[in-house]
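The next block holds one structure in the form of structure tokens; read it before the comments.
Coordinate-derived values only; no laboratory data. Not measured: the values here are computed from a predicted model. Cβ atoms come from the backbone with ideal geometry, glycine included; neighbour counts cover every protein chain shown.
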Amino acid sequence: MRQESAGVTEALLDSARREFMEHGFHGASLRRISADSGVSTNSIYTRFGDKAGLFAAVVGPVADGLMEYYLTCVDQATDTQDSSSAMETGEEGTDGVLRYIYQNFDVFYLIFCRSAGTEYEQYFDRLAQIEETYYRAFADKYAKSPEQITDFFVHVICRTGWQYIYEIVSHKLPFEEAKVFMDNIKQYRFAGWKAVLGHE
């Protein structure tokens, strides 16, 4: 087997990332990626199977990293002993998520805005579902009247929480603007949850 030149895969993934950023998954062309990277289309198919496999190679490791970090944050918040500590831990997790996203901004722009037709178009939903499970348990544990906090309320609130992140990414806010925005959101959500839990 011909020994691969150093950096070939990296060049290919860089070309693919730029192509997906500009054209989205459906509009991306393996021929253009091939021409830009200098890697034949046959080699792309051999390495990644198809265009979806190439997209997964571009975004997968970073997406998995965020999911792992987020699940760790959820576990830490679950292990707290009171609602204020849980919310503070959640806020720290939100800060970490934001930093991670901005360290890998192009990848998350692809996931949130350019992934239609791939397995990653459901990534947002998976994050929201994890948050929904956590907040349902959170409400049951800490609310004075948990029966008044409906599953539908939790569902909408959790999807809205990740919608904030989507809006930041889709509008390509600079990091400092995004941080100020999310600091305001954290204050808003903290006060809102205290009221809903009946702790005011």
Quick check: Cα centre of the range 29-81 to Cα centre of the range 8-25, how many Å? 11
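What percent does the relative contact order of the chain come to when contacts are Cα pairs within less than 8 Å and at least six residues apart?
It rounds to 20 percent for the chain.
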Give me the Kirkwood hydrodynamic radius of the range 118-191, using the inverse of the mean 1/r over all pairs of distinct Cα atoms, in Å to one decimal. 13.7
In nm, what is the difference between 0.36 nm times the number of residues separating Tyr188 and Thr9 and their Cα-Cα distance? 60.0 nm
Once the Cα gyration tensor of the chain is found, what semi-axes does its equivalent ellipsoid get, as square roots of 5 times the eigenvalues, in whole Å, sorted largest first? 40, 15, 14
Per residue of the chain, what 222 nm ellipticity follows from adding -39500 (n - 2.57) for every DSSP H run with n ≥ 4, rounded to the nearest 500? -26500 deg cm²/dmol
Estimated FRET transfer efficiency when R0 is 30 angstrom, pair Gln148-Ala116 (beta carbons, to 0.05): 0.20
Calculate, in nm to one decimal, what Asp50 and Ile130 gain on full extension: separation in residues at 0.36 nm each, minus their alpha carbon distance. 25.8 nm
If I take R0 = 41 Å and measure r between the Cβ atoms of Ser40 and Ser170 in this structure, what FRET efficiency does the formula 1/(1 + (r/R0)^6) give, to the nearest 0.05? 0.75
P(r) of the range 1-94 in 5 Å steps, Cα pairs, percent per bin? 3, 12, 19, 15, 10, 8, 8, 8, 8, 6, 3, 1, 0
